[in-house]
Amino acid sequence: MHRYTSILLFFLFLQLFFAVQPCHRVVTSAAGRGWWQLLQKNIGIVAMHIQLLNNDRVVIYDRTDYGKSNISLPHGKCRNNSWELVIKYDCTAHSVEYDVLANKFRPLMVQTNVWCSSGAVVPDGSLVQTGGFNDGERKVRTFYPCNGDCDWVETGDGLKAKRWYATNHILPDGKQIIIGGRRQFNYEFYPKTSSPDVYSLPFLAQTNDLGSENNLYPFVFLNSDGNLFIFANNRAILFDYKTGKVVKTYPAIPGGDPRSYPSTGSAVLLPLKNLDAATIEAEVLVCGGAPKGSFEMATKRKSAERKFLKALDTCGRIKINEPNPQWVMETMPCSRVMGDMTLLPNGVVLIINGAGDGTAGWENGRSPALNPVLYWPGGAAGSRFEPLNPSTIPRMYHSTAILLRDGRVLVGGSNPHSGYEFTRVLFPTEFSLEAFSPPYLDSKNKYLRPKIVSSTASKGKYIGFGQKLWVRFKVIGTLKADMVSVTMVAPAFNTHSFSMNHRLLALKNENVSYVRTSIYDIQVTTPSSGYLAPSGYYMLYVVHQYIPSIGIWVKLYI
């Protein structure tokens, strides 16, 4: 009897041990806390940069100077580039297109080095990607969605400044603004407008830390007034890019620790609501990062002197349109650096990927953060975080995550090495793709889950600004009309823990009407201007009691 008691106590100890280890793998998978699915074991490249297009294809690419990838270019194609640093004649691909619906992928060909670049989907639905490293630092490349054998089109030196670790954002007129990059304290536009072609942005110089920078891949969001919220290092400004003037300077985030690359945290613009208000409440959430000195400690030349400091476990939240905005701080269930933040269709934020210790860069991260976490923006302070079931695959430096139209989150990447390393390293190079299904996709919610039947925005029709929009949907179970909403989500360009151009708009629910058994109509109004929602493709969802439908693609256009 004593023996069985000892065994029982041992297992109870194990459960207690894992329960108090935040962001580490748990013993069992708790029901209702999401689940993971391995989609592809090997796509041949690292998913370092990732963008969903409006044909449910995902463009993925890493860099050209890792050496040969694990997927060949088709039809005998080879890349012959005398500027290349590793392999000048390379017949392998460094970009792929992933078909979400078919769960298949095919190789694509990039001509120049796209490492640590940026991009955005423009109003016609094409991905316009800018910058990179070495011969790619001024290049512009375009990928037009298709259902055949389309490929990257490179237009040459379309940029005036070298853009490596820059951030892009789509503007209300459909153009891109490209901000910063390594040793670039300026911005420019694409397509080109009038001279000067490069505009100074002193804020980026002011937020540059000697030796570690901590101002790369700045967090940029288009505000409801048409200005840009720009966060770098531990500070933020509201910037009028048309006049080049700082409209507002925000207080430094409490604690003063850096949140931008390489002390990589993440950020989102929380869902925009009450879109017809005179002043729309816009709120930014910044989570995770690394404490001051983390990069320096992790990169010491002598391995015995290297230390991997515990990552930050705090989030800062700020209402950027208030007269006297202040940061409100919250504590996450675990520390996290290199995490990705994704807006889910129901307005909840998913925090996923990353590490518990160290910083971004080669071999600089430790303690994989395997458990995703939900953040409920409307929840009570102190109870907004919800830990979810863990992955078994560490997603460290150079990992990515984006929302798919069906509500899953596509997760890939991780390569904390200067090349493809699969053995004798702490964290092997990852060529796999996973899908994480948040709890709202649990089968127990099938009676609450809406299904879009039709819409005035269906079948490729454009929807204009400030227009009435009808959506017909089906709910099998009992409908709570006051808990039905329609959201529009802009698909993100995700790399290095930041989802560029990602935004969610909650459209005003003006009327829900009964049509017939289980069938209902909802009427909403689209956003009133490109300040709220730049022209382009969005995923539109019906959400019932926080359970979203599968989305449909709509095009918002002037």
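Some points to look at:
- Full extension of the chain between ILE550 and THR456 gives 32.2 nm of extra length, using 0.36 nm per residue less the Cα-Cα distance.
- Close Lys pairs in the stretch 251-409, defined as Cα atoms under 26 Å apart and 8 or more places apart or on different chains, number 8.
- In this structure, the amide hydrogen of ARG259, modeled 1.01 Å from its nitrogen in the peptide plane, lies closer than 5 angstrom to those of ASN233, ASN234, counting only residues at least 5 positions away or on a different chain.
- Per the Debye formula on identical point scatterers at the alpha carbon atoms of the stretch 138-200, with no solvent, log10 I(q)/I(0) at q = 0.14, 0.20, 0.23 Å⁻¹ is -0.45, -0.82, -1.01.
- Couplings 3J(HN,Hα) of the stretch 327-339, computed from phi: 6, 10, 9, 9, 10, 6, x, 8, 6, 7, 10, 6, x Hz, in residue order, whole Hz [Karplus 6.51 cos²θ - 1.76 cosθ + 1.60, θ = phi - 60°; x for Gly and Pro].
- For the stretch 357-420 versus the stretch 447-521, the inter-centroid distance based on Cα atoms is 27 Å.
- Exposure ranking of TYR420, TYR199 by accessible area [1.4 Å probe, largest first]: TYR199, TYR420
- With every protein chain in place and a 1.4 angstrom probe, the accessible-area ranking of LEU275, LEU101, LEU388, largest first, reads LEU101, LEU275, LEU388.
- For ASP173 and LYS242, the difference between the fully extended length at 0.36 nm per residue and the C-alpha to C-alpha distance is 23.6 nm.
- In terms of packing, defined here as the mean over residues of other Cβ atoms within 10 angstrom, the peptides 424-434, 207-217, 158-168 line up highest first as 158-168, 207-217, 424-434.
- Distance between the stretch 533-549 and the stretch 68-141 - C-alpha centres, whole angstrom: 30
- By a 1.4 Å probe calculation restricted to protein chains, TRP35 has an accessible surface near 110 Å², given to the nearest 10.
- For GLY119, the amide hydrogen comes within under 5 Å of the amide hydrogens of THR130, ASN168, counting only partners 5 or more places away or on other chains and with H modelled in the peptide plane.
- Using the average count of surrounding beta-carbon atoms within 10 Å as a protection proxy, the listed peptides 389-397, 185-193 rank, highest first, as 389-397, 185-193.
- What a 1.4 Å probe finds exposed on the stretch 67-174 is 52% carbon and sulfur by accessible area, rounded to a whole percent.
- The residues packed around TYR61, meaning those with a beta-carbon under 11 Å from its beta-carbon, carry a net charge of 0 if Lys and Arg are +1 and Asp and Glu are -1.
- Mean accessible surface per residue for the stretch 300-405, computed with a 1.4 Å probe while every protein chain stays in place, in Å²: 35
- Among THR526, SER69, VAL348 the positive-end extreme of the charge dipole of the chain (Cβ point charges): VAL348
- Computed packing ranks the peptides 350-356, 487-493 as 350-356, 487-493, most packed first, by mean other Cβ atoms within 10 Å.
- Accessible surface of the stretch 429-506, 1.4 Å probe, proportion on carbon and sulfur as whole %: 53
- The stretch 371-527: relative contact order in percent, alpha carbon pairs under 8 Å with at least 6 residues between: 17
- Carbon/sulfur fraction of accessible area - the stretch 218-315, other protein chains in place, 1.4 Å, %: 49
- Phi angles of the stretch 402-412 translate, via the Karplus equation with coefficients 6.51, -1.76, 1.60 and θ = phi - 60°, into HN-Hα couplings of 9, 6, 9, 5, 7, x, 6, 10, 7, 10, x Hz per residue; Gly and Pro are given as x.
- Extension reserve of the LYS468-ASN103 stretch, reckoned as 0.36 nm per residue once the Cα distance is removed: 127.8 nm
- Estimated from the Cβ-Cβ distance and a Förster radius of 22 angstrom, the FRET efficiency linking GLU421 and ARG301 is about 0.65.
- Dipole magnitude for the chain: about 660 debye, using +1 per Lys or Arg Cβ and -1 per Asp or Glu Cβ, origin at the Cα centre.
- Dipole in debye (nearest 20) - the stretch 187-268, about Cα centre, beta carbon charges: Lys, Arg +1; Asp, Glu -1: 180
- Taking amide H as placed 1.01 Å from N in the peptide plane, the amide H of ALA282 sits under 5 Å from that of ILE320, ASN321, each at least 5 places away or on another chain.
- One compactness figure for the chain is 0.94, namely its Cα radius of gyration divided by 2.2 N^0.38 Å.
- The magnitude of the dipole of the stretch 336-437, with charges of +1 and -1 set on the Cβ of Lys/Arg and Asp/Glu and taken from the Cα centre, is near 140 debye.
- Count Lys and Arg as plus one, Asp and Glu as minus one, and take only other residues whose Cβ is under 14 Å from that of ARG317; the net charge is then -1.
- Estimated [θ] at 222 nm from DSSP helical runs (n ≥ 4, -39500 (n - 2.57)) normalised by residues in the chain, nearest 500: -1500 deg cm²/dmol
The values are calculated or read from the model by the stated rules, or taken from the named source; none is laboratory data. Predicted model, so just to flag it, every value in this text is computed and none were measured. A quick note on method: Cβ atoms are made from the backbone with ideal geometry, for glycine too, and the neighbour counts reach across all protein chains shown. Calculation scope for accessible area: heavy atoms of the full protein, side chains included, ligands and nucleic acids excluded. Shrake-Rupley method; radii C 1.70, N 1.55, O 1.52, S 1.80 Å.
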